Amino acid sequence: MSVFDEPKIDTHCHLFDPVRYPYRPDTPYRPSGQEIATLEQMEAVFAAYNVGRALLVQPNSGYDMDLRCMLDAIAASDGRFKGVAGVPLDISSSDLLDLKARG
């Protein structure tokens with residue numbers, strides 16, 4: 001069996017799609033070039049290497065605490081993706097429970 005045939009999990013990846021999800025205006029670093037990809041591009045790479053599941057990590061570059069890009073990718077993944085989010089210190093318990101429910 002080839003290494004490409006073995007099922008895999010990506011345990012730490014970031015998703016940057018500044019066309020659909022513009023970066024925050026105050027961000028000190030804006031990933032560009034080969035650092036960015038749409039969800040569709042990431043899915044194509046995952047398919048090529050038999051990556052069936054992934055843990056998306058919210059980047060502080062570009063998005064800071066804007067979770068839309070990551071949460072939309074999780075929602076579109078049919079349960080294959082989960083996420084790690086950076087949140088404000090004063091986040092409410094109900095907002096945390098909502099994030100947990102969304103993956």
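Using alpha-carbon pairs under 8 Å, 6+ residues apart, how would you state the relative contact order of region 28-103 in percent?
Numbers: 59 pairs, mean separation 22.9, N = 76.
Normalised by residue count, the contact order of region 28-103 is 30 percent.
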**OP:** Give me the distance between the Cα centres of region 60-90 and region 10-38, rounded to whole Å.
**Re:** 12 Å
Subject >> Most to least packed among 46-55, 2-11 [average Cβ atoms within 10 Å] >> reply: 46-55, 2-11
**OP:** Pop out the ³J(HN,Hα) list for region 52-60 in order, Karplus 6.51 cos²θ - 1.76 cosθ + 1.60 with θ = phi - 60°, rounded to Hz; leave Gly and Pro as x.
**Re:** x, 9, 8, 10, 7, 10, 4, x, 7
Original post:
What per residue convex hull volume, in Å³, comes out for region 12-53 when only alpha-carbon positions are used?
Top reply: 87 Å³
Original post:
What size of dipole, in debye to the nearest 20, comes out for the chain about its Cα centre when the only charges are +1 on Lys and Arg C-beta atoms and -1 on Asp and Glu C-beta atoms?
Top reply: 80 debye
**OP:** Divide, for the chain, the radius of gyration over alpha carbons by 2.2 N^0.38 Å, where N is the residue count.
**Re:** 1.14
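No lab work stands behind these numbers, since they all come straight from the coordinates. All of these numbers come straight from a predicted model, not from anything done at the bench. Glycine gets a Cβ as well: all are built from the backbone with ideal geometry, and neighbour counts include every protein chain shown.
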